[in-house]
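**Student:** This is the structure, below, for whatever I ask next.
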Amino acid sequence: MLIRTPLACSAILLLAAPALADDVKSQPRQIDPTDTIAAMLDAAYRSGDDATIRSVIGVAKATFPDQAVEIDRLASGDAAVLAQTRKEAQLKQQERIAEATFFEIWKGELEVGASQSNGTSDVGGVYVSAKLTRDGLLWKQKLTGRIDYQRTNGLTTTERALIAYQPNYKLDDDSYIYGLAQYERDRTLGYLNRETISSGIGLTAFKSPRGKIDFEGGPAVRETDFIDQPNRLTLAARASVAARYALTPALNFSQDAAVFVESGDTTASSTSGIDTRLLGRLKAKLSYNVQYEQDAAPGQKSLDTTGRATLVYAF
């Protein structure tokens, strides 16, 4: 007959404890799927990023296929909260815009580039561009200025300037009526001054969180003061496209192009660019500009192209 005293029982339990612990460790920890799904969706919706939300919902359904109904229920609740948060933020933004004075809520970019080369050819140049935008409730205003100057072996090879003001009256989120007043100077292409007045319709053909594409078109009146030809006042047709797209969170693509078709002449300009963030509001930009003047001055090419590396400061 085996007699188990309290001391003996304690010893047996002490000896068996490691084995019991190993057995507990070998058992998988039970996790409530609903708690896991709720935590995943809550984190996704708190980010406010629609792509992240869609990805997390897809992962949740792939991980817990038998919980699809519950996932949709939880997502619906989080979506309602996010929609309310966005609505409140939009109302606050609209109030701030409505109360702003004319000199407030302007945003812009200052772009600067310079070059100097000494050797077979003595080349020096400077490029400065400024863009200002004021996006109000009914009106969006854009002001653009640009100077491009270059000398090669003591001779001016590029002397180009532009200033333009464009107010847009919003019809809805994807369409607007625009006006345009523009002044240009380009001795390289054969004219001293060119003034343009235009109006027309603008449409947003593509829009997503990563970018958009705007098309514009309408009539224009142009007066050109040529260097070696009589001054000319003409009626023209104008078309333009402006595209912006975020390739990555730090890398952006842009495209701006415009064409004027008038009697006896067609002019066009296009600038493609890629910029990347360097530090804070400072960006580095690579761009390629094309200028076309059908009725160029004698001895001048109709097509002029320029590649640039510049620094851009956003404010």
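The values are calculated or read from the model by the stated rules, or taken from the named source; none is laboratory data. Everything numeric here is computed off the predicted structure, so don't read it as measured data. All Cβ positions, glycine included, derive from the backbone under ideal geometry; neighbour counts span all protein chains shown.
**Student:** Search the range 278-315 for residues being small (Gly, Ala, Ser) and in a strand (DSSP E or B), and hand back the single one that is farthest from residue 107 (Cα to Cα).
**Tutor:** 307
**Student:** Hey, another quick one. Would you please name the residue that is surrounded by the most Cβ atoms within 10 Å (Cβ to Cβ), looking only at residues in the range 288-301 that are modelled with pLDDT of 85 or more and in contact with an Asp or Glu (Cβ under 7 Å, 6 or more places away or on another chain)? Can you show your working first?
**Tutor:** Start the filter on the range 288-301 by keeping residues that are modelled with pLDDT of 85 or more, which leaves 288-294.
If we keep only those that are in contact with an Asp or Glu (Cβ under 7 Å, 6 or more places away or on another chain) too, we end up with 291, 294.
On the way: 291: 22, 294: 13.
Only one residue fits best here, namely 291.
**Student:** A further question follows. Could you grab me the full set of residues in the range 163-215 that are of a type in the set (Gly, Ala, Ser) and at pLDDT 95 or above?
**Tutor:** 164, 175, 179, 181, 198, 199, 200, 202, 205, 211
**Student:** Let me ask something additional. Filter the range 134-148 for residues that are of a type outside the set (Phe, Trp, Tyr) and within 11 Å of residue 167 (Cβ to Cβ); which is surrounded by the fewest Cβ atoms within 10 Å (Cβ to Cβ)? Even if it seems obvious, please write down each step before you answer.
**Tutor:** Kept after step one, since they are of a type outside the set (Phe, Trp, Tyr), are these residues of the range 134-148: 134-138, 140-148.
The next check asks that each one be within 11 Å of residue 167 (Cβ to Cβ); those that pass are 134, 136, 138, 140-143.
Values: 134: 19, 136: 15, 138: 10, 140: 17, 141: 15, 142: 18, 143: 16.
Looking at the filtered set, the residue picked out is 138.
**Student:** Could you look through the range 87-121, keep only residues that are more than 24 Å from the chain's Cα centre (by Cα) and in a strand (DSSP E or B), and pick out the one that is nearest to residue 138 (Cα to Cα)?
**Tutor:** 114
**Student:** So, residue 304, is that one more than 13 Å from the chain's Cα centre (by Cα) and closer than 22 Å to residue 180 by Cβ or not?
**Tutor:** Values: more than 13 Å from the chain's Cα centre (by Cα): yes; closer than 22 Å to residue 180 by Cβ: no.
Considered against the rule, which asks whether it is more than 13 Å from the chain's Cα centre (by Cα) and closer than 22 Å to residue 180 by Cβ, residue 304 comes out as no.
**Student:** Output yes when any residue across the range 167-180 is under 24 Å from residue 309 (Cβ atoms), touching a Ser or Thr at 6+ places or on another chain (Cβ under 8 Å) and exposed (fewer than 13 other Cβ atoms within 10 Å of the Cβ), and no when none is. Outline the logic, then answer.
**Tutor:** If we filter the range 167-180 for residues that are under 24 Å from residue 309 (Cβ atoms), which is where we start, we get none.
The answer is no; no qualifying residue exists.
**Student:** Report every pair of residues separated by at least 6 positions or lying on different chains whose Cβ atoms are under 6 Å apart, first residue within the range 235-250 and farther than 22 Å from residue 182 by Cα, second surrounded by 15 or more Cβ atoms within 10 Å (Cβ to Cβ) and of a type in the set (D, E, K, R).
**Tutor:** Cβ pairs passing all conditions: 250/277.
**Student:** Among (1) assigned to a strand (DSSP E or B); (2) buried (at least 18 other Cβ atoms within 10 Å of the Cβ), which single condition is residue 151 missing?
**Tutor:** (2)
**Student:** Next up: Of all residues in the range 106-125, count the ones that are exposed (fewer than 15 other Cβ atoms within 10 Å of the Cβ) and free of Cβ contacts under 8 Å to residues at least 60 places away in the same chain.
**Tutor:** Going through the range 106-125 one residue at a time, the tally reaches 11.
**Student:** Kindly provide the set of residues from the range 184-207 that are hydroxyl-bearing (Ser, Thr, Tyr), closer than 15 Å to residue 221 by Cβ and in contact with a Lys or Arg (Cβ under 7 Å, 6 or more places away or on another chain), ordered by number. Quick ask: steps written out before the conclusion?
**Tutor:** From the range 184-207, those hydroxyl-bearing (Ser, Thr, Tyr) are 188, 191, 196, 198-199, 204; that's our starting set.
Add one more test, that the residue is closer than 15 Å to residue 221 by Cβ, and what stays is 196, 198-199.
Listed by number, the residues that qualify are 196, 198.
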